[in-house]
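*Asks:* Let me begin by handing over the structure; questions about it come next.
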Amino acid sequence: MNDICISNEKPKILIVDDVHENLHTLLNILRQNYAVMAATSGEKALEIARRASAPDLILLDIKMPEMDGYQVLEYLRGDPATAEIPVIFVTAAAEVGDDAKGMALGADDYLLKPVVPELLLARVRLHLELATYRKRYGRL
């Protein structure tokens, strides 16, 4: 019975970006199929991620003031309550090694801005499915 209730709920996506236009772009792409939350700072993102109703997936910008996306990811991966939440970097940071650094810190994926809506939706769906699999069967 619980499985039926869970499957009827929209997966929760947290978008983290300090630029409001970017938040609105991603929100418009995702809102039909997902329950979308937003944070404009790394600190706020960590606060939301630690709640009892934690997001099922996080879309995280790298270049933000005060706490960048790499730091946010390190905190997320270091906290048992948030360590398993899939994180996709969605960023304009396209310098050589940015993607490798993000993956080495534990990011699940890396997308460049401007995002291609179909690609974003496909990657979100993929990582939500992988997370469901991991919850049931453990990591590969």
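*Asks:* Compute the acute angle (0 to 90°) between the alpha-carbon long axis of helix 69-78 and the principal axis of greatest extent of the alpha-carbon atoms of the chain; round to the nearest 10°.
*Replies:* Computed tilt is about 40 degrees.
*Asks:* Please return the longest stretch of the chain lacking exposed loop sites, where GluC sites (Glu not before Pro) count only if DSSP places them in a loop and at most 14 other Cβ atoms lie within 10 Å. Kindly include the intermediate steps, with their values, before the conclusion.
*Replies:* Details: sites that count: Glu9, Glu66, Glu84, Glu95.
Between the exposed loop sites, the longest stretch runs 10-65.
*Asks:* If I build a Gaussian network model for the chain, linking alpha-carbon pairs within less than 10 angstrom, which residue out of Ala35, Ala52, Ala94 has the largest mean-square fluctuation?
*Replies:* Among Ala35, Ala52, Ala94, the largest GNM mean-square fluctuation belongs to Ala52.
*Asks:* While we're here: Roughly what angle does helix 117-137 make with the longest principal axis of the chain, taking Cα atoms, 0 to 90 degrees, to the nearest 10?
*Replies:* Between the helix axis and the principal axis of the chain, the angle is about 50 degrees.
*Asks:* In whole percent, how big is the carbon plus sulfur part of the accessible area of the chain, probe 1.4 Å, protein atoms only? Each step should come with its number before you reach the end.
*Replies:* Details: 4400 of 8190 Å².
With neighbouring chains kept in place, the figure for the chain is 54 percent.
*Asks:* Just grab the label-to-label distance for Val116 and Ala94, each label 7 Å out from Cα along the Cβ direction, in nm (one decimal).
*Replies:* Simple spin-label model gives 1.3 nm for this pair.
*Asks:* Give me the number: length gained by fully extending Arg51 to Asp18, i.e. 0.36 nm times residue separation minus the C-alpha to C-alpha distance, one decimal in nm.
*Replies:* Numbers: separation 33, 0.36 × 33 = 11.88 nm, distance 2.07 nm.
Result: 9.8 nm gained on full extension.
*Asks:* What ³J(HN,Hα) values, in whole Hz, does the Karplus curve 6.51 cos²θ - 1.76 cosθ + 1.60 give for the stretch 23-35 when θ = phi - 60°, with x put for Gly and Pro?
*Replies:* These are the phi-based 3J(HN,Hα) values: 4, 5, 4, 5, 4, 5, 6, 9, 5, 5, 10, 9, 8 Hz.
*Asks:* Tell me which residues come under 5 Å, amide H to amide H, from Ile15 once H is placed; ignore anything under 5 positions away on its chain.
*Replies:* Close amide H contacts, sequence-distant or interchain: Met37, Ala38, Ala39, Leu59.
*Asks:* Could you tell me how far the Cα centroid of the stretch 118-132 sits from the Cα centroid of the stretch 52-98, in Å?
*Replies:* 16
*Asks:* Taking 8 Å as the Cα distance limit and 6 or more residues as the minimum spacing, I'd like the relative contact order of the chain as a percentage.
*Replies:* On the way: 196 pairs, mean separation 27.4, N = 140.
Over the chain, the number comes to 20 percent.
The values are calculated or read from the model by the stated rules, or taken from the named source; none is laboratory data. The structure displayed is predicted, hence computed values, not measured ones. All Cβ positions, even for glycine, are placed from backbone atoms using ideal geometry, and neighbour counts span all protein chains on display. Accessible surface is based on the protein model in full, side chains and every heavy atom, while ligands, DNA and RNA are left aside. Shrake-Rupley method; radii C 1.70, N 1.55, O 1.52, S 1.80 Å.
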